[in-house]
Amino acid sequence: MWRIGTERSIFKQGMREVDDSKAGFVRSRADFRPAYLDIWDSGELEQRVARGLQLMTPCRACPRVCGVDRLQDEIGACRAGRLAPVSSAFPHHGEENCLRGWKGSGTIFFSGCNLRCVFCQNSDISWGGQGQPLTATQIALLMLELQDRGCHNINFVTPEHVVPQLLEAVLEAVEQGLRLPLVYNTSGYDCAESLALLDGVIDIYMPDFKFWDAAVAKRLVMAEDYPERAREAIREMHRQVGDLVVDEDGVALRGLLIRHLVMPRGLAGTRQIMRYLAQEISRDTFVNLMAQYRPAALVLTRAGRYPEIDRAITVGEFVEAKQICFEEGIRRFSDP
Ligand code: SF4
């Protein structure tokens, strides 16, 4: 078992035995240079900010392509206007071990969302719009404060609908001394244009791959094209950053980390997703197979409308999902 601790020694004591060093997935942190420094040096980062703002008018910053003018503060499906709404920022000790380390992952939670998962666990933030619209300068300040507190990375949670604002904030933060790797922690419902803007900015992509089947996605996340968009996005993310690489302490530096939530009754399509990852992306794709599905308030208040997801998964369902991962060739997993 890993342990959450505030000291490196406790963190290392809890590390499991992995073959990452033998397999070439360990790099020296001393040699690490965040991706964004190169495009900042060349002036490209400033150009990305300008291109990002263009994506907001009319808005096509995600696959919803709402077409509203967000520079004029019009609101689309994600419920975010010109400024990025932030619900909280803090050193997160509940993320994957390779992100939280012993000092925490410097997490910035954006509110609003471009998906509408009927089982959302954070509906007050994603659907309810809880959060404060912040300027790029304010978000940059949050990033620098998290760096000062010793966090191992900056972790943007639910950023799909605020990529232009994220770029604005990164530019300001880098100018003021930000040097941590950036984590893009996404549902996977991202568009090619946004991901192109993030190429050379993000070091660690952490997308969900929620569902394989379009009909299931249409019903449960209100986006029939989710599986196709997620496949395209993950392929592009892997092209940009490759397989996950960690430092000598097991803390992530760069690469792709997939989250997959096991759903009741096999609804997620775990076998097809793992086959896709192993055969089309990489057998060394780092996977966090998650067992924590519970019917959230949204499901419970719509009693009877979603009977297929009205219970937690069983131990047997999780064991079967793990077995499927092995059978399909996945071999690198995040610890529970
Ligand atoms: S980012 Fe928001 S407004 Fe823009 S296309 Fe996506 S959901 Fe619509």
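The table below lists the values:
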| quantity | calculated |
| --- | --- |
| Compactness of segment 34-333 - radius of gyration and Dmax, Cα, Å | 18.4, 56 |
| Net charge dipole size for the chain [Lys, Arg +1 and Asp, Glu -1 on Cβ; Debye, nearest 20] | 880 |
| Under 23 Å between alpha carbons - lysine pairs in the chain that sit 8 or more apart or on different chains | 4 |
| Distance from segment 78-150 to segment 257-336 (C-alpha centre basis), Å | 24 |
| Charge-dipole axis of the chain as Lys and Arg at +1 and Asp and Glu at -1 on Cβ define it, positive-most pick from Thr135, Ala214, Phe318 | Phe318 |
| Sequence-separation-based contact order of the chain, relative, with Cα cut under 8 Å and 6+ spacing, percent | 16 |
| Low-density loop cleavage sites - trypsin sites (Lys or Arg not before Pro) in segment 89-195, where at most 14 other Cβ are within 10 Å (DSSP) | Arg149, Arg179 |
| FRET efficiency estimate (nearest 0.05) - Cβ-Cβ, Arg27 to Arg239, R0 22 angstrom | 0.70 |
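Rule-based calculations on the coordinates, nothing more; no lab input. Because the structure is predicted, anything quoted here is derived from the model rather than measured. FYI the Cβ positions are ideal-geometry reconstructions off the backbone, even for glycines, and counts take in every protein chain you see.
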